[in-house]
1. From (1) in contact with a Pro (Cβ under 9 Å, 6 or more places away or on another chain); (2) under 30 Å from T334 (Cβ atoms); (3) aliphatic (A, V, I, L, M), pick out the condition that doesn't hold for L9.
2. Cβ-Cβ distance below 8 Å, separation of 6 or more or different chains: which pairs start in the stretch 202-215 with a residue that is at positive phi and in contact (Cβ under 8 Å) with a residue 40 or more places away in the chain and end on one that is of a type outside the set (D, E, K, R) and outside any loop (DSSP other than H, G, I, E, B)?
3. Take the stretch 201-219 and flag every residue that is within 15 Å of F157 (Cβ to Cβ) and small (G, A, S).
4. Among (1) surrounded by fewer than 20 Cβ atoms within 10 Å (Cβ to Cβ); (2) assigned by TED's automatic domain parsing to the domain that holds F249; (3) over 25 Å from T15 (Cα atoms); (4) touching a residue at least 24 places away in the same chain (Cβ under 8 Å), there is one condition K265 misses while meeting the rest; what is its number?
5. Could you tell me whether P54 is over 27 Å from L328 (Cα atoms), assigned by TED's automatic domain parsing to the domain that holds L328, crowded, with 20+ Cβ neighbours inside 10 Å and out of contact with any strand residue (DSSP E or B) (no Cβ under 7 Å at 6 or more places or on another chain)?
6. Answer yes or no as to whether S155 is under 30 Å from D288 (Cβ atoms) and either touching a residue at least 24 places away in the same chain (Cβ under 8 Å) or part of a strand (DSSP E or B) (or both).
7. Out of all the residues in the stretch 179-203, which are in contact with a strand residue (DSSP E or B) (Cβ under 8 Å, 6 or more places away or on another chain) and either exposed (fewer than 14 other Cβ atoms within 10 Å of the Cβ) or outside the structural domain of F304 (by TED's automatic domain parsing) (or both)?
8. Mind listing whichever residues of the stretch 240-252 are free of Cβ contacts under 8 Å to residues at least 60 places away in the same chain and either under 17 Å from H225 (Cα atoms) or surrounded by 14 or more Cβ atoms within 10 Å (Cβ to Cβ) (or both)?
Amino acid sequence: MKGALLVNLGSPKSTSVSDVKSYLNEFLMDKRVIDTPYLLRAFLVKGIILNTRPKKSAEAYRKIWWKEGSPLIVLSERLTKKVNQKTTIPVELAMRYGQPSIKNGIQKLADKGVTEILLIPLYPQFAMATTETITVLAEKIIKKHFSNITLTYISPFYNNEDYINTLSNSINNTLKKVKPDHLLFSYHGIPERHIKKSDITKSHCKIDGSCCKSPSAAHKYCYRHQCYETTRLVAKKLNLKEGDYSVSFQSRLGKDPWLQPYTDKTIDLLAKKGVQKLAVATPAFVADCLETLEEIGIEAKQSFHNNGGKDFTTIPCLNDNTEWVDTLSNWINTWNKNN
């Protein structure tokens, strides 16, 4: 019997400082998130970050928390429920960090008699700290606890036609209403070294503005290339003119160089240049979360206004919209039929 497991990032159990601290500890101690030797990582996370960041992060979570709980969890649960209604095999939800855990999700499928699982990391673009850490952990759990279950992975879907159509239609629904002067595609940032570590050619990725446009096997695992390709395909689908949209990267941590341009600086610059109506899409996420609702929807919006901008719109993620439900369901049903 077959089944599917949708996996997203995760969330603290509550907005209490202790719960946020526990979540950040699990998240930041992942060697694919902070990719330094263990002792240095432990010093940075446990010795510095967890003594300063949890209180501030808890305050940020309180600004966007829903009565039902974490927006990311609630929206992911709604998505899973709707997908289940349209698939011919059972679908469960898991989070890389926090609950419901990947092990818990696999166990639920196993309890239903599933022996073949389609693992779907809910990230359009590949990155060490997202897709890779999910697949590695899932394999480890399977090997240790579920030796009779086999895993199949869905590839990053950054350029999948169905996904691009779904994303483009979702973005366009907002654009038609607000008619912005400029559309910013803001992707979650990652350290530049992650790009080079993921380069299977060990020579192509130079992050110089041209390598992402040159054909290479490295693109299969290049987060930067995949972000720009998603943007290019959506812009083409929506007939956006060059200059009317741009790309930036948000949520950097630490002093090491991360992918640029940075979203916060880009938004301030756009306002100072006279952009009065700005819309921001966040295609690295499929469900609204702290990074979209607070970092963009509250902090970036305020900064845009402070620098002279007038109208600021955060375009919702795909969440549980009907077309996204249909797209996911079709992928799952097609896999079930053809394998």
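The values are calculated or read from the model by the stated rules, or taken from the named source; none is laboratory data. Please read these numbers as outputs of a predicted model, since none were measured by experiment. Quick reminder, even Gly has a Cβ in these numbers, built from the backbone with ideal geometry, and neighbours come from all protein chains shown.
1. Single failed check for L9: (1).
2. I207/I195
3. Result: no residue meets the conditions.
4. (4) is the only condition that K265 fails.
5. On the way: over 27 Å from L328 (Cα atoms): yes; assigned by TED's automatic domain parsing to the domain that holds L328: yes; crowded, with 20+ Cβ neighbours inside 10 Å: yes; out of contact with any strand residue (DSSP E or B) (no Cβ under 7 Å at 6 or more places or on another chain): yes.
So P54 passes the test.
6. Working: under 30 Å from D288 (Cβ atoms): yes; either touching a residue at least 24 places away in the same chain (Cβ under 8 Å) or part of a strand (DSSP E or B) (or both): no.
For S155, the condition - under 30 Å from D288 (Cβ atoms) and either touching a residue at least 24 places away in the same chain (Cβ under 8 Å) or part of a strand (DSSP E or B) (or both) - is not met.
7. Keep residues of the stretch 179-203 that are in contact with a strand residue (DSSP E or B) (Cβ under 8 Å, 6 or more places away or on another chain), which gives 179-192.
If the condition is that a residue be in contact with a strand residue (DSSP E or B) (Cβ under 8 Å, 6 or more places away or on another chain) and either exposed (fewer than 14 other Cβ atoms within 10 Å of the Cβ) or outside the structural domain of F304 (by TED's automatic domain parsing) (or both), then K179 is the only one that fits.
8. Step one: list which residues in the stretch 240-252 are free of Cβ contacts under 8 Å to residues at least 60 places away in the same chain, which gives 240-243.
L240, the sole residue that qualifies.
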